[in-house]
Amino acid sequence: MKVKRLKKRLFILMMLLGLTAGCAMPIHTTPTTASSNHHIIRLAGVNNARDLGGYKTASKHRVKYRRLLRSSKLANLTRTGQRTLKGKYHLTEVVDLRTPAKIKSVPDVKITGVKYVKDPVVSDKTLASVNRIARSSGSKSMIRLYQTFVTTKQARHAYRELFNILLAAPNNKAVLWHCSEGKDRTGFASALVLTSLGVPKKTIFQDYLASNKANRTAINHQVSIMKRERYSSAAITRKRDTLLVKSSYLNAAYQAADKKYGSLHGYLTKGLGLSTKDLKRLTTKFE
């Protein structure tokens with residue numbers, strides 16, 4: 001009986017310490033996917049704000065935290081959010097990838113002491129053309145948009161400018177880039193940055209697709225309005241296809257890069273003109 005009581009007490013002690021089979025608790029975990037809360041930046045008034053820090057690279061290093069930030073527009077950024085970006089992340093520069101018309105009609109909140117750069121990836125004319133395609137097919141319009149990220153001179157100039165800013169950014173300071181919803185122009189920008197740092201393609205797609213979860217409330221709200229206003233199911237589907245991100249959209253950009261430059265890495269070097277020295281500087285700064 002004494003032996004049984006002793007075993008029972010030992011078992012209870014082991015459970016309390018988390019040492020029994022199936023009960024072990026990890027002491028420390030490092031985030032590797034976009035679903036981790038470690039990537040989410042909570043900013044009142046701003047959707048889809050995330051930190052690219054923590055992703056593992058091919059060289060087994062990790063992208064530095066609080067250096068590379070992505071988000072949706074900052075038009076409704078609160079004072080508390082401004083303090084978070086300046087105090088916690090030491091934000092030094094905001095790169096706005098939206099069209100000139102959108103920048104003018106829905107301007108970002110300007111943060112004191114933070115440089116603001118207009119860097120439109122597509123022109124208002126190109127976006128209007130994409131929107132015309134969306135009237136018949138939302139998914140086809142998005143595929144066309146992603147192809148322009150590779151094929152147009154303006155997009156290549158804009159993404160090269162983003163890399164110029166990253167290369168010149170002060171150490172221990174953050175750069176944030178965004179578009180309207182932080183999913184398409186911003187999503188491809190993030191794919192380029194992560195590719196330049198040697199982050200695997202699988203991880204890049206995980207980060208990209210995380211925008212659907214981040215924007216879920218906003219997407220559902222827009223769909224609810226369309227249902228309330230009695231839009232057809234086909235129209236709602238077309239609209240939803242433009243609000244979501246899909247692997248097929250990002251793949252369209254990859255395929256365009258493969259066709260013209262051999263790979264996405266080729267797009268970085270041949271399309272954007274990043275040198276081996278530039279790429280090495282980026283890894284030194286951000287890994």
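Just so it is clear, none of the values below were taken in a lab; they were calculated from the coordinates. Computed from a predicted structure; not experimentally measured. Positions of Cβ are backbone-derived with ideal geometry, glycine not excepted, and every protein chain shown enters the neighbour counts.
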May I ask you to evaluate 6.51 cos²θ - 1.76 cosθ + 1.60, the Karplus curve with θ = phi - 60°, for each residue of the stretch 92-107 and list the ³J(HN,Hα) values in order in whole Hz, giving x for glycine and proline?
10, 8, 10, 10, 9, 8, 6, 6, x, 5, 5, 4, 6, 7, 10, x
Per DSSP helix of 4 or more residues, -39500 (n - 2.57); summed, then divided by the residues of the chain. What does that give at 222 nm, rounded to the nearest 500?
-15500 deg cm²/dmol
0 to 90° range, to nearest 10: angle between helix 185-196 axis and the chain longest Cα axis
60 degrees
Sorted peptide list for 167-175, 71-79, 47-55, criterion being average Cβ within 10 angstrom, highest first
47-55, 71-79, 167-175
Computed from the beta carbon distance with a Förster radius of 30 Å, FRET efficiency for residue 277 and residue 212 to the nearest 0.05 stands at 0.25
Once amide H atoms are built 1.01 Å from N in the peptide plane, which residues 5 or more positions from residue 91, or in another chain, come under 5 Å H to H?
86, 174
In degrees, nearest 10, range 0 to 90: what is the angle between the Cα axis of helix 201-214 and the longest Cα principal axis of the chain?
90 degrees
Counting other Cβ atoms within 10 Å, keep those with at most 13, restrict to DSSP loop, and tell me which trypsin sites (Lys or Arg not before Pro) in the stretch 204-287 are left.
230
Can you list the HN-Hα couplings for the stretch 74-91, worked out from phi with the Karplus curve (6.51, -1.76, 1.60; θ = phi - 60°), rounded to whole Hz and with x for Gly and Pro?
9, 5, 10, 4, 7, 5, 4, x, 4, 5, 5, 5, 7, x, 7, 9, 6, 4
To test your reading of the geometry: what angle, between 0 and 90 degrees and rounded to tens, separates the Cα axis of helix 276-286 from the longest principal axis of the chain?
50 degrees
Given a cut-off of 31 Å, name the pairs among 56/115; 73/285; 227/259 whose C-alpha atoms lie farther apart than that in the structure shown.
227/259
Based on other C-beta atoms within 10 Å, arrange 226, 142 from fewest to most.
226, 142
Per-residue HN-Hα couplings for the stretch 51-60, Karplus 6.51 cos²θ - 1.76 cosθ + 1.60 at θ = phi - 60°, whole Hz, x for Gly and Pro?
10, 7, x, x, 5, 7, 9, 4, 8, 6
Residue 116 label point, 7 Å along Cα→Cβ, cut-off 12 Å on backbone N: hits in the stretch 47-81?
74-77
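Please give the net charge around residue 249, taking every other residue with its beta carbon less than 11 angstrom from that of residue 249, where Lys and Arg add +1 and Asp and Glu add -1.
+2
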Separation of the stretch 216-287 and the stretch 151-188 by C-alpha centroid, Å?
13 Å
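Rounded, prolate or oblate: which one fits the chain, using the alpha carbon gyration tensor with axes a ≥ b ≥ c (rounded when a/c is under 1.5, else prolate when a/b beats b/c, else oblate)? All intermediate terms of the calculation are to be shown ahead of the outcome.
Values: a/c = 1.84, a/b = 1.50, b/c = 1.23.
Prolate.
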Which residues' amide hydrogens lie under 5 Å from the amide hydrogen of residue 40, considering only partners 5 or more residues apart or on another chain, with H built in the peptide plane?
51
Using a 10 Å cut-off around each Cβ, can you sort 205, 188 from fewest to most neighbouring Cβ atoms?
205, 188
